[in-house]
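Peer 1: I have a structure I would like to understand better, so I am pasting it below and will then ask my questions one at a time.
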Amino acid sequence: MKAVVMAAGEGSRMRSALGASSASKLLYPLLGLPIIERVILAAKRAGIKEFIVVTGYRGEEIERQLGEGRKLGVKIQYAFNQHWPQGNAYSLLSARPFINPGERFFLLMGDHIFEPSLLSSFAEHVAARTAEPSIRHNNKCLHFLAVDSAFCQGLDLDEATKVFFVGKRITSLGKGLQQFNGVDAGVFNFDYSIFFSLEKMIQKSDGSLSSALQIVIEKGKFEAFFFKGYFWQDIDNHSDLQQARHKLLTNLVSEKDGVVSRYLNRRLSLAITSRLSHFGVTPNTISLASFSFCLLSAFLFVRGQNLAAALLAQLASVIDGVDGEIARLKFQESAFGSFFDSILDRYADAILIGGISAALLIKGAASPSAVLLAGFLALTASPFSMLVKEKFVNLTGREYNSFELEGYLSYFPVNRDGRLAIIMLGGLFNQLLGTLILLAILSNLQVVYRFVILRKYFLDVDHY
């Protein structure tokens with residue numbers, strides 16, 4: 001399915017924040033990517049690869065930035081709306097030559113960012129709804145709008161396009177509605193027949209899309225797609241820009257975070273990510289940096305500089321979250337990147353445990369056998385934290401959710417973030433042998449506990 005992207009408007013309210021001679025607001029960088037690139041890349045993540053960008057005001061700048069879409073991994077064509085000051089209904093009509101008769105397409109606003117899952121869920125809804133026999137056999141041409149009926153955080157209701165719906169059917173649409181129960185999220189799905197409706201209504205309307213859509217509303221052919229839990233943001237001014245920034249960063253927090261990451265590391269890593277996003281640093285480079293900090297930490301433990309080693313170990317833990325955050329934030333996720341990070345983490349863990357063990361032996365530990373045993377047990381069990389989760393995913397196709405499957409154990413510092421925090425505390429309080437023993441106990445306890453709960457899980461699955 002194709003997507004038409006509205007990029008013709010002047011964005012006058014935003015220009016006051018950017019400066020009178022600034023480029024199109026759609027080219028303003030938002031955490032390292034121009035706003036319009038965020039829209040296109042989010043749609044690409046949802047499965048859309050062909051785009052028609054409708055330009056008008058300073059359109060040549062947008063074309064120069066996006067080109068044919070090769071750097072984004074998509075195909076981009078351009079339609080110019082010579083009537084762009086008159087409203088976005090004319091912009092949509094300008095895209096008609098690029099849409100085939102009978103073809104459905106998405107319409108996106110170039111200044112509305114959204115979570116990719118919102119669009120992919122929308123596409124699934126449209127496919128299911130239009131496949132219903134009552135719709136397919138009667139050749140009923142339905143059009144859809146993503147409607148936020150929960151009124152997301154940061155919404156400016158004075159500027160929002162409001163929606164009133166009854167059941168699925170949209171009965172009113174416009175900024176001036178006094179009675180409304182939803183808000184237009186700026187994501188539409190149209191049948192090709194929308195162009196016929198626009199031609200009939202555009203001269204009678206004020207040029208806005210909501211005004212021109214009155215004909216399909218009156219015919220009962222405009223339905224709402226309701227969504228929950230997905231973020232979106234219309235960016236019209238500097239305050240909206242800050243809201244968008246906040247939502248993008250907040251969305252980087254993973255449900256799979258361990259207890260240390262959730263309550264400590266993410267606060268620090270998100271601050272680092274928000275600053276690094278403006279530079280060209282890649283996720284793999286950040287993974288290497290985290291690995292390097294672990295190497296240096298192990299070296300400093302061996303040298304007896306426990307305080308510096310402890311702080312470096314915790315810094316490595318924080319930076320270990322930044323690579324994934326940058327990858328998700330800038331749409332740079334890759335299978336190799338995930339593999340590369342996982343391999344480096346396993347080596348880093350082994351080197352840190354080895355460094356602590358070596359430090360104790362060099363200093364002449366009272367019980368070398370205790371050091372060797374604790375180090376061996378910690379070293380043996382530490383890779384299983386990741387191995388068990390990955391094996392679970394391979395066998396079930398489901399993400400491993402520690403909080404769901406492990407209960408109270410998920411609050412213990414047994415994942416990588418927890419182990420590195422223990423190493424930090426052990427270094428700060430100069431309790432390296434205690435650190436090794438605690439790592440050995442907790443890591444093996446986690447393996448045994450996961451074995452028990454997953455044995456029950458798989459037996460139940462096999463039974464059914």
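Peer 1: Can you tell me the alpha carbon radius of gyration of the stretch 315-422 divided by the globular rule-of-thumb value 2.2 N^0.38 Å?
Peer 2: Values: Rg = 16.4 Å, N = 108, 2.2 N^0.38 = 13.0 Å.
Against the empirical 2.2 N^0.38 Å value, I get 1.26 for the stretch 315-422.
Peer 1: Treat each spin label as a single point 7 Å out from the Cα along the C-beta direction, and report the residue 403 to residue 193 distance in nm.
Peer 2: Here the answer is 4.5 nm between the modelled labels.
Peer 1: I would also like to ask the following. Provide the packing ranking of 391-402, 105-116, i.e. peptides ordered by the mean count of other C-beta atoms within 10 Å per residue, highest first. Show your work: numbers first, answer last.
Peer 2: Working: 391-402: 13.2, 105-116: 23.8.
Descending mean neighbour count gives 105-116, 391-402.
Peer 1: Cβ under 15 Å from residue 164's Cβ, residue 164 left aside: what net charge do those residues give with Lys, Arg +1 and Asp, Glu -1? Display every interim value, and only then the final one.
Peer 2: Values: positive: 162, 168, 169, 175; negative: 148, 184, 218, 223.
With Lys, Arg at +1 and Asp, Glu at -1, the net is 0.
Peer 1: If you don't mind, another one. Beyond a 27 Å Cα-Cα separation, which of these cross-linked pairs lie in this structure: 175/228; 75/175; 228/330; 49/200?
Peer 2: On the way: 175/228 22 Å; 75/175 33 Å; 228/330 23 Å; 49/200 31 Å.
Check vs 27 Å cut-off fails for 75/175; 49/200.
Peer 1: Beyond 18 Å, what share of the Cα-Cα pairs of the stretch 123-169 is found? Please give it as a whole percent.
Peer 2: Numbers: 495 of 1081 pairs.
Beyond 18 Å sits 46 percent of the P(r) for the stretch 123-169.
Peer 1: Let me ask something else about it. Taking the simple approach of a point 7 Å from Cα along Cα-to-Cβ for both residue 278 and residue 158, what is their distance in nm?
Peer 2: About 2.9 nm separates the two model spin labels.
Peer 1: A further question follows. Dividing the Cα convex hull volume of the stretch 2-248 by residue count, how many Å³ per residue is that? Don't jump to the answer; show the numbers that get you there.
Peer 2: On the way: hull volume 29.7 nm³, N = 247.
Cα-based convex hull of the stretch 2-248, divided per residue, equals 120 Å³.
Peer 1: Under the definition of Cα pairs under 8 Å and six or more residues apart, what whole-number percent is the relative contact order of the chain?
Peer 2: Answer for the chain is 13 percent.
Peer 1: Figure the gain on full extension for residue 83 and residue 129 (residue separation times 0.36 nm, minus the Cα-Cα span) and round it to one decimal in nm.
Peer 2: On the way: separation 46, 0.36 × 46 = 16.56 nm, distance 3.43 nm.
So the extension gain works out to 13.1 nm.
Peer 1: Now for a separate question. Work out the FRET efficiency for residue 166 and residue 239 from their Cβ-Cβ distance, taking R0 = 41 Å, and round it to the nearest 0.05.
Peer 2: Values: r = 33 Å, r/R0 = 0.80.
Approximately 0.80, to the nearest 0.05.
Peer 1: Still on this structure, please answer the following. Can you tell me the length gained on complete extension of the stretch residue 390 to residue 254, counting 0.36 nm per residue apart and subtracting the Cα distance?
Peer 2: Result for the pair: 47.3 nm of gain on full extension.
Peer 1: Moving on to the next point. Determine the gain in length on full extension of the stretch residue 429-residue 70; use 0.36 nm per residue of separation and subtract their C-alpha separation, reporting nm with one decimal.
Peer 2: Working: separation 359, 0.36 × 359 = 129.24 nm, distance 5.36 nm.
Fully extending the segment from residue 429 to residue 70 adds 123.9 nm.
Peer 1: Tilt of helix 266-276 relative to the longest C-alpha principal axis of the chain, in degrees (0 to 90, nearest 10)?
Peer 2: 60
Peer 1: Still on this structure: Which whole-angstrom value gives the distance between the alpha carbon centres of the stretch 393-461 and the stretch 136-180?
Peer 2: 46
Peer 1: To continue, here is another question. Give the residue list of chymotrypsin sites (Phe, Trp or Tyr not before Pro) in the stretch 165-259 that are DSSP loop and have at most 16 other beta-carbon atoms within 10 angstrom.
Peer 2: 192
Peer 1: Moving to a separate point now. P(r) of the stretch 364-436 in 10 Å steps, Cα pairs, percent per bin?
Peer 2: The distribution over the stretch 364-436 is 17, 39, 28, 13, 3, given as percents.
Peer 1: How do 268-276, 167-175 rank on mean C-beta neighbours within 10 Å, highest first?
Peer 2: Packing order, densest peptide first, comes out as 268-276, 167-175.
Peer 1: Estimate the FRET efficiency between residue 136 and residue 448 by the formula 1/(1 + (r/R0)^6), using the beta-carbon distance for r and 45 Å for R0, to the nearest 0.05.
Peer 2: Details: r = 55 Å, r/R0 = 1.21.
Approximately 0.25, to the nearest 0.05.
Peer 1: Continuing with this model, one more query. Quick check: from the Cα gyration tensor, does the stretch 254-463 come out rounded (a/c under 1.5), prolate or oblate? Working shown, then result.
Peer 2: Working: a/c = 2.00, a/b = 1.11, b/c = 1.80.
Judged from the Cα gyration tensor, the stretch 254-463 comes out oblate (a/c at least 1.5, b/c at or above a/b).
Peer 1: For an R0 of 41 angstrom, estimate the FRET efficiency from the Cβ-Cβ distance between residue 60 and residue 334 and round to the nearest 0.05.
Peer 2: On the way: r = 33 Å, r/R0 = 0.79.
My answer for the efficiency is 0.80.
Peer 1: For the chain, what value does the Rg/Rh ratio take when both radii are computed over Cα atoms and Rh is the Kirkwood radius, given to two decimals?
Peer 2: 1.08
Peer 1: Share of antiparallel DSSP beta bridges in the chain, in percent to the nearest 5? Intermediate results must be reported in sequence, preceding the final value.
Peer 2: Values: 21 of 43 bridges.
Roughly 50 percent of the beta bridges in the chain run antiparallel, per DSSP.
Peer 1: What shape does the stretch 71-212 have by the C-alpha gyration tensor, where a ≥ b ≥ c are the square roots of the eigenvalues, rounded means a/c under 1.5, and otherwise prolate means a/b greater than b/c and oblate the rest? Walk me through the numbers on the way to the answer.
Peer 2: Details: a/c = 1.20, a/b = 1.06, b/c = 1.14.
Cα axes put the stretch 71-212 in the rounded bin.
Peer 1: Give the Debye-formula value of log10 I(q)/I(0) at each listed q (0.15, 0.22, 0.24, 0.27 Å⁻¹), with one equal scatterer per alpha carbon of the stretch 26-98, two decimals each.
Peer 2: Log-scaled intensity ratios, in q order: -0.50, -1.05, -1.19, -1.33.
Readers should treat all values here as calculations from the given coordinates under stated rules, not as data from a laboratory. Because the structure is predicted, anything quoted here is derived from the model rather than measured. Glycine also receives a Cβ, built like all others from the backbone with ideal geometry; neighbour counts cover every protein chain displayed.
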